[in-house]
1. Among 91, 33, 50, which one shows the highest mean-square fluctuation when the chain is modelled as a Gaussian network with alpha-carbon springs under 10 Å?
2. Given all pairs of different Cα atoms, what value in angstroms does the Kirkwood hydrodynamic radius of segment 4-108 take?
3. Once you've got the GNM for the chain with C-alpha springs shorter than 10 Å, pick whichever of 61, 94, 49 has the biggest mean-square fluctuation.
4. Go ahead and run the numbers for FRET between residue 52 and residue 17, Cβ-Cβ distance against an R0 of 30 Å, rounding to 0.05.
5. Calculate, for residue 68 and residue 45, the FRET efficiency according to 1/(1 + (r/R0)^6) with r their C-beta to C-beta distance and R0 35 Å; round to the nearest 0.05.
6. Could you list 88, 102 so that the one with the fewest beta carbons within 10 Å of its beta carbon is first and the one with the most is last?
7. How do 77, 18 line up, fewest other C-beta atoms within 10 Å first?
8. Ignoring everything except DSSP H segments at least 4 long, calculate the 222 nm mean residue ellipticity for the chain; use -39,500 (n - 2.57) per segment, divide by total residues, nearest 500.
Ligand code: SF4
Ligand code: SF4
């Protein structure tokens with residue numbers, strides 16, 4: 001059976017939090033609970049003019065890949081609302097191929 005997941009190209013994530021809010025709204029999550037939560041890494045200096053600074057959206061154990069939306073032929077809410085278009089839903093094997101030769105990507109597969 002095919003496994004599905006989320007591919008996140010966080011190099012271009014703007015840190016807008018739309019994915020967090022879209023997920024909370026879709027699942028009626030209370031304040032403080034998240035299906036996906038934005039992590040901010042840095043800024044801190046690596047060396048010289050090189051700095052570490054990144055936003056990385058991290059799906060949590062509450063993520064169900066928006067099964068109810070998928071059943072209606074819709075995309076997961078976070079993917080639909082990401083205006084930077086850095087999130088993609090699909091089969092894990094297809095998403096893994098898209099990672100080849102790229103950096104700053106993470107692939108999430110729920111339990
Ligand atoms: S796929 Fe759905 S449940 Fe998972 S993080 Fe995105 S909006 Fe939340
Ligand atoms: S909606 Fe897209 S750009 Fe905004 S924080 Fe989430 S992944 Fe990043």
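Laboratory data are not the source of any read-out in this text; all were calculated from the coordinates shown. As the structure is a prediction and not an experimental result, all values here were calculated from the model. Heads up, the Cβs are rebuilt from the backbone with ideal geometry, glycines too, and the neighbour counts pull from every protein chain shown.
1. 50
2. Taking the inverse mean of 1/r over all distinct Cα pairs, segment 4-108 comes out at 14.5 Å.
3. Result for the chain, Cα springs under 10 Å: 49 fluctuates most.
4. Numbers: r = 20 Å, r/R0 = 0.68.
Computed FRET efficiency for residue 52 and residue 17: 0.90.
5. Working: r = 45 Å, r/R0 = 1.28.
The pair residue 68/residue 45 has a calculated efficiency of 0.20.
6. Values: 88 19, 102 10.
Sorted ascending by nearby Cβ count, the order is 102, 88.
7. Details: 77 22, 18 18.
Neighbour counts put them in this order, fewest first: 18, 77.
8. -6000 deg cm²/dmol
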